[in-house]
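The values are calculated or read from the model by the stated rules, or taken from the named source; none is laboratory data. Since the model is a prediction, treat every value here as computed from it, not as a measurement. In this analysis, Cβ positions are derived from the backbone assuming ideal geometry, glycine residues included, and neighbour counts consider all displayed protein chains. Calculation scope for accessible area: heavy atoms of the full protein, side chains included, ligands and nucleic acids excluded. Shrake-Rupley method; radii C 1.70, N 1.55, O 1.52, S 1.80 Å.
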Amino acid sequence: MNVLTRMWKREWPLHLMLVPGIMLVLIFSYVPMAGIVMAFQKYVPNKGLFGSPLIGLRNFRLLIDYPDIGRVFFNTVYIAVMKIFAGLLVPITIAILLNELRREWIKRTFQTLVYLPHFMSWVLLGGILVDVLSPTSGVFNQLLGFLGIKPIFFLGDNHWFPYVMVASDIWKEFGFGTIVYLAALTGINPSLYEAAAMDGASRLKQTFHITLPGMMPIIILMFTLNIGNVLNAGFEQIFNLYSPPVYESADIIDTFVYRMGVQQAQFGFATAVGLLKSIVSFIFISISYVLAYRVANYRIF
């Protein structure tokens, strides 16, 4: 008891600092979970959660029979998986290239420039992309016209839209990922490069035999942790850029839930879709943390 008392006296300010964060999580993450009951109700707003009639699993049966639900899940997984792999490849490549720069001021300047889009909201970036990719006045299509290529309606074409989402997401976030991998590169012993150079290894061979193996633990860790985001294709990004002509390739689970729940007032059905997504995401996140522990020896507790 004396040991516990001394620990409490020493650490109580740290516990006190946790209170605001805990309150925010309780209010905005746990209290709204009471709304899950709507997935099993024919929810009527003026009757509330306790007055609306229970209908069991009818919303889930409706979900299974919904004609477009397969396409919605496919779009979500397709876009999310492309983002996961591109979100690993691009930051790793840029981090390795930056690590090869010998002028420190150039490295820091470039690192700052690529990191800036991470702080911009998709509302702002969406407006920029609409202007840049416009088929009539966009800079990108003007460049294509100069090369003799017909203008492409990137944000209105079902073929191009998913790739624009992946490319724009990488443009916004790869600077943040680059910092993670640059930090991993600082942990590689410089004497390994010196020994390799003395043995006649080129910079390319040093990259493949020293740099990449040295980064492999953090690469595996980031990949396994990203598995849990396989059903998160980016609501804010797609919501600000998609339109009815591209619903076929752009509609993901989150935008589908928004339209069903907010625009069409099918609250019970939308809640059932969101609950199903949460259950599947929880399973993937659990698997990813098990893999992270087994493969990269990463654990939360």
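A straight Cα-to-Cα reach below 20 Å connects LYS205 with the aspartates and glutamates GLU100, GLU194, residues fewer than 8 places away in its own chain not being considered.
Per-residue extension of 0.36 nm, minus the Cα-Cα distance of LEU147 and VAL77, leaves a gain of 21.7 nm for this segment. One chain, two ends: VAL25 and ASN46. Fully extended at 0.36 nm per residue, the span grows by 4.8 nm beyond their Cα-Cα distance. Residues of the range 52-96 falling in the label zone of SER243, defined by backbone nitrogen less than 18 Å from a point 7 Å along Cα to beta-carbon, are absent. Of the peptides 245-253, 273-281, 97-105, 21-29, the ranking by mean beta-carbon count within 10 Å, highest at the top, reads 245-253, 273-281, 97-105, 21-29.
For the chain, the 222 nm mean residue ellipticity estimated from helices alone, with every DSSP H stretch of n ≥ 4 adding -39500 (n - 2.57) and the total spread over all residues, rounds to -21000 deg cm²/dmol. With the dipole of the range 1-132 worked out from charges on the C-beta (+1 for Lys and Arg, -1 for Asp and Glu) around the Cα centre, which of GLY70, LEU26, LEU54 lies farthest toward the positive end? The listed residue farthest towards the positive side: LEU26.
Per-peptide packing, taken as the mean over residues of other Cβ atoms within 10 Å, places 110-117, 145-152 in the sequence 110-117, 145-152 from highest down. Candidate values [x] 230; [y] 142; [z] 184 were compared with volume of the Cα convex hull per residue in Å³ computed on the shown model; the agreeing label is [x]. For a test of the definition: using alpha carbon positions, the gyration tensor, and the 1.5 limit on a/c, classify the range 1-145 as rounded, prolate or oblate. Note, shape of the range 1-145 comes out oblate.
Using a probe radius of 1.4 angstrom, the carbon and sulfur fraction of the accessible surface of the chain is 70%. Could you tell me which helices of the chain pass both thresholds, a Cα extent of 30 Å or more along their own axis and a mean Kyte-Doolittle hydropathy of at least -1.0, with helices taken as whole DSSP H runs? Sorted by number, the helices that extend far enough and score high enough are 2-25, 69-100, 161-185, 267-296.
Remark on GLN41: its backbone amide H falls under 5 Å from those of ILE55, a criterion applied only to residues 5 or more positions apart or on other chains, H modelled at 1.01 Å from N. At a probe radius of 1.4 angstrom, the accessible area of the chain per residue rounds to 61 square angstrom. Excluding same-chain neighbours fewer than eight residues apart, the aspartates and glutamates reachable from LYS150 by a Cα-Cα span under 19 Å are ASP131.
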